[in-house]
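Presented below is the structure to which this report refers.
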Amino acid sequence: MLNYPRAVALLSGLLAAMPAQATPPRPTLVVAISVDQLSGDLFNEYRAHFSGGLKRLADGVVFTRGYQSHAATETCPGHATLLTGARPARNGIIANHWFEQGLARDDKQVYCVEDAQAPGSSSRQYQVSTRHLRVPTLGMRMKSAMPATRVVSVAGKDRAAVLLAGAGADQTWWWGGAGFVSYADAKASAAVTAVNTAVRQQLGEARAPLPLPAFCKARDYAVALRDGQQWAAGASRAKRAMPRHSAHRRHSMPPPSPWPAPSSTPWRSARGRTPICSPSVCRPPIS
């Protein structure tokens, strides 16, 4: 028959004899980096060539098969999900753009980080805001637990900077075309002003192309465009206007779809691309 007092005493003795585990120190810096289109396979492919910050991060714990378990893998939902831990249906950021028929304006399309209630706002000329973000980000939670926490977010686009930082961040900056900009009431610090001055100076100078790394030379080949047309750097509108696959096909029709033919009328997305949908399958458009 088990003697419970003795068993408890024995267990207590064993626990007391175990070496005490030192409490790990609290981190003083948390760095989150989001790179569009940098999938796990590309990370592994170029991992041996990383240097500086990425190499330092890669020397730690790496989850090469991590993925976001939501369907809307556009930029806004992805950034909102990364540092809130909530899926789009809960965090409020369901797409880059969506439509709200009840808006009191002619433009019913809403951009993910606009304040659609601001006077004169539209999905193209908008006031940047965290209005649509319904849940706190990591930075917001850290500030709530430790008010001395400082949250800084810098990105190439407003939606990335805003949705990774959340509301109440100390510094939120994104590229505005000729320098880094922020919310309408934000004042540029001396550091931001210095960076913008240096960037403008560099943009105004002729610069030689960067040398091609040796591991990229196998992929360095010319791409002939139809009718001899060429695309200048940053000419995204021209790229979108040109028929797809024109670089390697003589006509503008897309290649045959690898998916089964739809058995019902497909819907059309806000971007105008038609995914293939049927009662049993709905696959994304081929881009």
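The values are calculated or read from the model by the stated rules, or taken from the named source; none is laboratory data. This one's a predicted model, so the numbers in the text were calculated from it and none came from an experiment. Every residue, glycine as well, gets a Cβ built from its backbone with ideal geometry; the counts of neighbours run over all protein chains shown.
Which pairs have Cβ atoms under 8 Å, sit 6 or more apart or on different chains, and link a residue in segment 65-94 that is basic (Lys, Arg) to one that is part of a loop (DSSP other than H, G, I, E, B)?
What qualifies is 87/69; 87/70; 90/134; 90/135.
Which of the residues spanning segment 108-121 are farther than 20 Å from residue 164 by Cα and either under 13 Å from the mean Cα position of the chain (by Cα) or in a strand (DSSP E or B) (or both)?
109
Kindly provide the set of residues from segment 63-84 that are surrounded by 12 or more Cβ atoms within 10 Å (Cβ to Cβ) and touching a helix residue (DSSP H, G or I) at 6+ places or on another chain (Cβ under 8 Å), ordered by number.
Passing the criteria: 68, 70, 72, 75, 76, 77, 79, 80, 81, 82, 83, 84.
Filter segment 28-84 down to residues that are among the aromatic types (Phe, Trp, Tyr) and on the phi > 0 side of the Ramachandran plot, then give me how many there are. Walk me through how you get there before you give the answer.
Pass one, segment 28-84, residues among the aromatic types (Phe, Trp, Tyr): 43, 46, 50, 63, 67.
In the following step, the residues that additionally are on the phi > 0 side of the Ramachandran plot were identified as none.
So the answer is 0.
For the condition in contact (Cβ under 8 Å) with a residue 12 or more places away in the chain, among the charged types (D, E, K, R) and within 25 Å of residue 199 (Cβ to Cβ), what is the one hit in 107, 115, 185, 158?
Details: 107 fails: within 25 Å of residue 199 (Cβ to Cβ); 115 fails: within 25 Å of residue 199 (Cβ to Cβ); 185 fails: in contact (Cβ under 8 Å) with a residue 12 or more places away in the chain.
Criteria check complete, one pass: 158.
Only one of (1) modelled with pLDDT of 80 or more; (2) among the basic types (Lys, Arg); (3) over 30 Å from residue 129 (Cβ atoms); (4) out of contact with any helix residue (DSSP H, G or I) (no Cβ under 6 Å at 6 or more places or on another chain) fails for residue 105. Which number is that?
Single failed check for residue 105: (3).
How many residues are within 22 Å of residue 158 (Cβ to Cβ), out of contact with any strand residue (DSSP E or B) (no Cβ under 7 Å at 6 or more places or on another chain) and of a type outside the set (Val, Ile, Thr) if we restrict to segment 91-102?
Final tally of qualifying residues: 4.
Filter segment 197-239 down to the residues that are at pLDDT 65 or above and of a type in the set (Ser, Thr, Tyr), then identify the one that is surrounded by the most Cβ atoms within 10 Å (Cβ to Cβ).
197
So residue 164 ticks every box in (1) of a type in the set (A, V, I, L, M, F, W, C); (2) in a strand (DSSP E or B); (3) touching a helix residue (DSSP H, G or I) at 6+ places or on another chain (Cβ under 6 Å) but one. Which box is left unticked?
(2)
When you check residue 60 against the structure, is it within 25 Å of residue 152 (Cα to Cα), at pLDDT 90 or above and surrounded by fewer than 16 Cβ atoms within 10 Å (Cβ to Cβ), yes or no?
Details: within 25 Å of residue 152 (Cα to Cα): yes; at pLDDT 90 or above: no; surrounded by fewer than 16 Cβ atoms within 10 Å (Cβ to Cβ): yes.
In short, no.
Of all residues in segment 137-155, count the ones that are free of Cβ contacts under 8 Å to residues at least 40 places away in the same chain and assigned to a loop (DSSP other than H, G, I, E, B).
6
Looking at this structure, is residue 87 modelled with pLDDT of 90 or more and under 15 Å from the mean Cα position of the chain (by Cα)?
Values: modelled with pLDDT of 90 or more: yes; under 15 Å from the mean Cα position of the chain (by Cα): yes.
It is true that residue 87 is modelled with pLDDT of 90 or more and under 15 Å from the mean Cα position of the chain (by Cα).
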